[in-house]
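All remarks here apply to the structure that follows.
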Amino acid sequence: MIKKLIEDDSIHIYFQPIISIRNARVIGFEALMRAYDEHEELLSPIFVFDQAKKENLSFVLDKFVRNKALQSFKPLWQENKELLLFLNFESHLLDTTISIEDFVFSSVAQELGIPPSRIVIEIKEYQIKNTQRLKEFCNFYKERGFIIALDDFGAGNANFDRISTVRPHIVKVDRSIIFNVHKNFINKEILKSVANMCFNIGALVLSEGVEDEEEILRSLKLDIDFFQGFWFARPSNLPYNKTLLDEKIAYIGAKHTQNVKDSMKNKKLIIKSAKDYTLKIIKSIKKTQTVNFSNFLQKHDNIEAIYFIDAITGIQEGDTFISADTNDFFQPAKEGDNHELKEYFYITKESKRGNYLSQKYISRASGRMCRTFAQKFILDDKEKILCLDLKVQTI
């Protein structure tokens with residue numbers, strides 16, 4: 001079957017755009033194989049590659065598809081020499097005895113005159129058992145100027161250690177993580193962790209399979225800038241609709257900009273409200289030496305906990321007043337606990353403005369997401385820090 005598909009020229013190359021929102025343009029295309037039977041019915045790519053395995057023709061099919069992809073890409077590259085070609089290959093072949101040189105990325109690119117720096121070799125690392133072989137392959141082609149991307153990262157049994165081992169230029173995060181990321185807190189945290197890890201080793205991150213604008217906006221919020229998916233364009237063997245795509249890029253860019261503005265405005269409102277709360281508490285303490293914290297927490301249900309810290313030592317003074325129920329694992333801090341190493345303590349202590357709003361984190365008092373607003377003040381000639389743990393939504 002595979003030989004017949006090749007001989008009948010029944011294998012075609014489709015392209016799907018890769019988008020950068022911050023650069024407001026298409027930065028490249030992924031080449032995707034499409035094959036048709038004798039009745040011109042579309043065959044599943046998975047079926048075709050599985051059939052090639054059965055016929056022991058995986059490498060033959062792989063080379064044929066890659067060669068055809070490079071040939072099909074050449075006219076696009078000649079029109080715009082900044083474009084990248086994202087090129088798949090059968091990654092499981094790295095576990096065979098085929099030599100790295102025989103994958104012939106270099107020779108075909110050289111023959112067609114396409115610089116290696118314009119070719120992104122996509123690797124499904126979870127299909128490869130031999131980590132050393134994977135590393136050698138990546139180093140071999142990186143040394144020759146090719147760009148390396150880990151494809152479908154997060155699918156299958158993805159190995160996080162391999163990001164640091166391979167040190168790819170790009171990590172394409174699988175659709176299974178991107179799906180509904182704006183509603184799925186776990187996926188959001190996984191995506192955030194993957195993105196941070198990649199940024200720390202100098203790798204770019206691409207969100208694959210985006211089908212909803214909120215998936216794109218959530219990714220942008222995590223500083224991910226490369227995208228591929230049906231929301232922008234489906235794979236096609238026809239020239240893409242540049243006008244429509246430009247409109248979509250501009251639309252998402254404008255939405256993201258507005259979201260950033262709204263986020264900044266919301267943060268200012270949180271700080272203003274927290275300042276008002278702390279001012280009321282501090283005034284009451286200075287005036288009467290007491291505050292009915294249970295009543296205060298009931299009136300302000302967005303506050304989860306209230307506690308005081310010595311601004312010099314970081315030692316908590318008095319127990320934590322908390323509105324949420326706790327269990328044996330999550331317990332609020334108590335009198336005498338040391339907060340010296342907590343970010344909101346030492347930043348507030350050193351801050352000229354005397355206050356600080358922390359990033360979101362899991363409260364050790366309740367197990368829920370919160371952020372702490374800390375305010376420095378003077379009481380009886382001693383510096384204190386009043387801390388309010390503010391409830392936040394997880395999405």
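Readers should treat all values here as calculations from the given coordinates under stated rules, not as data from a laboratory. Computed from a predicted structure; not experimentally measured. Note that each Cβ is placed from the backbone with ideal geometry, even for glycine, and that neighbours are counted across all protein chains shown.
General observations
- Nearest 10 degrees, 0 to 90: helix 58-79 Cα axis against the chain principal axis: 80
- Net charge of the neighbourhood of TYR361, taken over other residues with C-beta under 15 Å away and scored Lys/Arg +1, Asp/Glu -1, is +4.
- Cut-off under 5 Å, modelled amide H: who pairs with LEU390 long-range: GLU304, ARG371, THR372, PHE373
- Put in line by how crowded their Cβ is, counting other Cβ atoms within 10 Å and starting with the fewest, THR131, THR288 read THR288, THR131.
- Labels on offer are (i) 24.6; (ii) 31.2; (iii) 21.9, and the one holding mean projected area of the Cα convex hull in nm² computed from this structure is (i).
- Measuring r between the beta carbons of ILE378 and THR257 and using R0 = 45 Å, the FRET efficiency lands at 0.60.
- Restricting attention to region 2-240, close to 40% of DSSP beta bridges with both partner residues there are antiparallel.
- Paramagnetic label zone (point 7 Å from Cα along Cα-to-C-beta, THR165; backbone N under 18 Å) in region 138-152: 138-142, 148-152
- In this structure the amide hydrogen of GLY209, modeled in the peptide plane, comes within under 5 Å of the amide hydrogens of GLN228, GLY229, none closer than 5 places in sequence on its chain.
- Rounded to 10°, Cα long-axis angle of helix 185-200 versus longest principal axis of the chain: 70
- When the charge dipole of the chain is built from unit charges on Cβ atoms (+1 for Lys and Arg, -1 for Asp and Glu) and taken about the Cα centre, the candidate among ASN187, GLY354, HIS12 whose Cα reaches farthest toward its positive end is GLY354.
- Relative exposure of LYS286, LYS221, LYS376, judged by other C-beta atoms within 10 Å (fewest first): LYS286, LYS221, LYS376
- Nearest-ten-degree value, helix 131-143 long axis tilted from longest Cα axis of the chain: 80
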